[in-house]
Amino acid sequence: MSSPFKYSHVSLLILVALLAGGCAMGPRFKTPAVDAPAGFLGQGVVSQQVTMADLPWWDVFADDTLHELVRTALTNNYDLRIAIKRVEEYQAMAAQSRAQFFPQIGYQGDLERSRNAFRGNASPADGQTGNPLMLAASATWELDLWGRIRRLNEAAQAQLLATTENRRGIMLTVVCSVAQAYFELLELDLELVIAKRTTLSFEESLDIFRQKLAGGAASRLETSRAEAAAASTAAMIPDIERRIVIKENQINLLLGRNPGIVPRDTTLLRQDKPPEVPAGLPSDLLRRRPDIRAAEQTLRAANAQIGVAIAQCFPKIGLTTLFGRVSPDLNSFNNDAMAWSIGGNLAGPIFQGGALMAQIRQARAQSEEAAITYEQTVRTSFQDVANALVTRVKLEDVFTQQTRCVRCYVDAVAVSRDRYVAGKASYYEVLEAQQQLFPAENNLAQTQLYRLTAVIQLYKALGGGWNLPDGEWGAAP
């Protein structure tokens, strides 16, 4: 008769495992508190309205050609494709960690032909030849009494989330990198236009000087200097064209394409001014910037590894079961040949020369390192936004003055040329006005580029597009 307590030991082990399910070694994770400034200098009173970070990238960069380039990059960019595969890699690693929660079930079989004199149920009789056969299913299950497996899963899940945030950060970087390279290309186009226009202006002045020289009203010195000025600006044109090709190649690489021409049908100075929206509160960066969220998850993973290291100091307890059939011969392989076993095992460290304590110290140091990195990332984000804001504000003043400067030099060139033709001024006035206009126009082009760059930097610093689902990043109208 079977005893009602036949399986009491097994039941007790399972009960202990269930009761200990809430125990996990190591400290509980807590996001470090980093004091944030009340606001950013120069942005005034912050309301609860939409911030620049809430806008999709296509509302910030209003250029159809740029939209198409960014959409292509979000599909083909190599860094982004690598990041996507890295997320898939960590998803598989997290799945492997979760599998440790469940029993590991397997099977085994053994068939042989033998002849021996051993007497037993699973062997052929004395001196006889037999075909012993064994077929069985087995299962092993580690009881997670100390939370080692749970901490491993916590770490794996946090690493997966960190990798996912890194991928979103790369998406934002790709958008901003393409926009930056595109505006730099337009700036080079404008430099080329300015250089060609200036060269033409010098050549027109040179024609006037030559006419004056032929009539005896000018010296050879005037003509030579005018010719040198025209040649100097003309020499810049091939170099600008070289830089344009290099910039196009850079954009094509960002788009995952071979070198080639990048089509564009606009100019730098025709770029619409981005919408005037506030940057928001500094504390909002903690939930918006992907690098901050990734640093937080990296810290969470490091914190969980402390629990894993501590749990290694305690014994591992497992359950093993086997159920199958064992027969001394194929012909007797029937229901009477059943076999089973169930048991437990325990294994733990006694002496390892201080290795386990060293692992705990290592895990704690790595967690503290991750905490410092998190704080540094947060502080850097505050700096990025503050720098981008002040740059954007001050560049508006610079652009206003540069525009005024160019307008004045354009007038000066026209007036000096009229005065020279009328014989009321020397060629030095004409040459000086033209030489001053050329760098002023280039400075205006660069200032316009810097204005657009400041918007890109601000959008990236704010974690722009943080509320966009992954599938909508390439959905620009």
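For segment 226-273, what are the residues that are buried (at least 16 other Cβ atoms within 10 Å of the Cβ), within 30 Å of Ile208 (Cα to Cα) and not polar (S, T, N, Q)?
Listed by number, the residues that qualify are Ala226, Glu227, Ala229, Ala230, Ala234, Met236, Ile240.
Which residues, counting only those in segment 443-469, are more than 16 Å from Arg270 (Cβ to Cβ) and among the polar types (S, T, N, Q)?
So the first thing to find is which residues in segment 443-469 are more than 16 Å from Arg270 (Cβ to Cβ), and the list is 443, 446, 450, 453-454, 456-469.
Result: Asn443, Gln446, Thr453, Gln457, Asn467.
Please go through segment 140-160 and give me each residue that is among the acidic types (Asp, Glu) and either modelled with pLDDT of 95 or more or crowded, with 22+ Cβ neighbours inside 10 Å (or both), ordered by number. If you could, list the steps in order and put the result at the bottom.
Of the residues in segment 140-160, the ones among the acidic types (Asp, Glu) are 142, 144, 154.
Of everything in segment 140-160, those that are among the acidic types (Asp, Glu) and either modelled with pLDDT of 95 or more or crowded, with 22+ Cβ neighbours inside 10 Å (or both) turn out to be Asp144, Glu154.
Looking only at segment 258-292, how many residues end up being of a type in the set (Lys, Arg), within 30 Å of Arg86 (Cβ to Cβ) and not in a loop (DSSP other than H, G, I, E, B)? Before the answer, list the steps.
Taking segment 258-292 as the starting set, the residues that turn out to be of a type in the set (Lys, Arg) are 264, 270, 273, 287-289.
So of that shortlist, the ones also within 30 Å of Arg86 (Cβ to Cβ) come out as 287-289.
Filter once more, so that each one left must be not in a loop (DSSP other than H, G, I, E, B): 287-288.
Of the residues in that region, 2 qualify.
If only one of Val455, Val390 is modelled with pLDDT of 90 or more and in contact with a Gly (Cβ under 7 Å, 6 or more places away or on another chain), which one is it? Working first, answer last.
Working: Val455 fails: in contact with a Gly (Cβ under 7 Å, 6 or more places away or on another chain).
One residue alone meets the criteria, Val390.
Could you please let me know if Asn258 is touching a helix residue (DSSP H, G or I) at 6+ places or on another chain (Cβ under 9 Å) and free of Cβ contacts under 8 Å to residues at least 24 places away in the same chain?
Values: touching a helix residue (DSSP H, G or I) at 6+ places or on another chain (Cβ under 9 Å): yes; free of Cβ contacts under 8 Å to residues at least 24 places away in the same chain: yes.
Against the criterion (touching a helix residue (DSSP H, G or I) at 6+ places or on another chain (Cβ under 9 Å) and free of Cβ contacts under 8 Å to residues at least 24 places away in the same chain), Asn258 qualifies.
Just a yes or no: is a residue in segment 419-432 surrounded by fewer than 14 Cβ atoms within 10 Å (Cβ to Cβ) and either basic (Lys, Arg) or modelled with pLDDT of 85 or more (or both)?
Within segment 419-432, the subset surrounded by fewer than 14 Cβ atoms within 10 Å (Cβ to Cβ) is 421-424, 428.
Next cut, either basic (Lys, Arg) or modelled with pLDDT of 85 or more (or both) only: 424.
For segment 419-432, residues surrounded by fewer than 14 Cβ atoms within 10 Å (Cβ to Cβ) and either basic (Lys, Arg) or modelled with pLDDT of 85 or more (or both): present.
Table: residues versus (1) assigned to a helix (DSSP H, G or I); (2) farther than 30 Å from Glu368 by Cα; (3) at pLDDT 55 or above.
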{"residue": "Leu13", "(1), (2), (3)": "yes, yes, no"}
{"residue": "Lys30", "(1), (2), (3)": "no, no, yes"}
{"residue": "Pro37", "(1), (2), (3)": "no, no, yes"}
{"residue": "Leu41", "(1), (2), (3)": "no, yes, yes"}
{"residue": "Val45", "(1), (2), (3)": "no, yes, no"}
{"residue": "Gln48", "(1), (2), (3)": "no, yes, no"}
{"residue": "Asp59", "(1), (2), (3)": "yes, yes, yes"}
{"residue": "His67", "(1), (2), (3)": "yes, yes, yes"}
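Select, from Ala304, Ala295, Ala363, the only residue that is at pLDDT 90 or above, within 26 Å of Phe102 (Cα to Cα), in a helix (DSSP H, G or I) and not hydroxyl-bearing (Ser, Thr, Tyr). Full working, then the answer.
On the way: Ala295 fails: within 26 Å of Phe102 (Cα to Cα); Ala363 fails: within 26 Å of Phe102 (Cα to Cα).
Exactly one residue qualifies, and that residue is Ala304.
Might you check whether a residue that is without any contact (Cβ under 8 Å) to a residue 60 or more places away in the chain, in a helix (DSSP H, G or I), among the aliphatic types (A, V, I, L, M) and closer than 28 Å to Arg392 by Cα occurs anywhere in segment 221-243?
Initial filter on segment 221-243 (without any contact (Cβ under 8 Å) to a residue 60 or more places away in the chain): 221, 223-224, 227-228, 230-232, 234-243.
From what is left, the residues that are in a helix (DSSP H, G or I) are 221, 223-224, 227-228, 230-232, 234-243.
Checking the rest, the ones that are also among the aliphatic types (A, V, I, L, M) come to 221, 228, 230-231, 234-237, 240.
If we keep only those that are closer than 28 Å to Arg392 by Cα as well, we get 240.
Yes, that holds for at least one residue.
Looking at Thr163, Thr199, can you tell me which residue is among the β-branched types (Val, Ile, Thr) and at pLDDT 95 or above?
Numbers: Thr199 fails: at pLDDT 95 or above.
That would be Thr163, the only listed residue that is among the β-branched types (Val, Ile, Thr) and at pLDDT 95 or above.
So, Ser416, is that one surrounded by 15 or more Cβ atoms within 10 Å (Cβ to Cβ), free of Cβ contacts under 8 Å to residues at least 40 places away in the same chain and of a type in the set (S, T, N, Q) or not?
Numbers: surrounded by 15 or more Cβ atoms within 10 Å (Cβ to Cβ): yes; free of Cβ contacts under 8 Å to residues at least 40 places away in the same chain: yes; of a type in the set (S, T, N, Q): yes.
So Ser416 fits the description; yes.
Can you tell which of Asp384, Asp397 is in a helix (DSSP H, G or I), acidic (Asp, Glu) and touching a residue at least 60 places away in the same chain (Cβ under 8 Å)? I'd like the intermediate steps shown before the answer.
Numbers: Asp397 fails: touching a residue at least 60 places away in the same chain (Cβ under 8 Å).
Only one candidate qualifies: Asp384.
Quick check on this structure: which one of Leu468, Leu449, Leu437 is out of contact with any Ser or Thr (no Cβ under 9 Å at 6 or more places or on another chain), of a type in the set (A, V, I, L, M), farther than 28 Å from Arg293 by Cβ and in contact (Cβ under 8 Å) with a residue 40 or more places away in the chain?
On the way: Leu468 fails: farther than 28 Å from Arg293 by Cβ; Leu437 fails: out of contact with any Ser or Thr (no Cβ under 9 Å at 6 or more places or on another chain).
Within the list Leu468, Leu449, Leu437, the selection yields Leu449.
State which residue pairs qualify: first residue in a helix (DSSP H, G or I) and inside segment 154-171, second residue among the β-branched types (Val, Ile, Thr) in any location, beta carbons under 6 Å apart, and separation of 6 or more residues or different chains.
As it stands, the answer is Ala162/Thr298; Thr163/Val87; Thr164/Val87; Arg167/Val87, since those pairs meet every condition given.
On the basis of being at negative phi, at pLDDT 95 or above and surrounded by 18 or more Cβ atoms within 10 Å (Cβ to Cβ), does Tyr374 make the cut?
On the way: at negative phi: yes; at pLDDT 95 or above: yes; surrounded by 18 or more Cβ atoms within 10 Å (Cβ to Cβ): yes.
Considered against the rule, which asks whether it is at negative phi, at pLDDT 95 or above and surrounded by 18 or more Cβ atoms within 10 Å (Cβ to Cβ), Tyr374 comes out as yes.
Exactly one condition in (1) under 27 Å from Glu68 (Cβ atoms); (2) modelled with pLDDT of 85 or more; (3) surrounded by fewer than 19 Cβ atoms within 10 Å (Cβ to Cβ); (4) not hydrophobic (A, V, I, L, M, F, W, C) is false for Glu276; which is it?
(2)
The values are calculated or read from the model by the stated rules, or taken from the named source; none is laboratory data. Being a predicted model, the structure only gives us computed values, none of them experimental. Here Cβ is always computed from backbone atoms with ideal geometry, including for glycine, and neighbour counts include all displayed protein chains.
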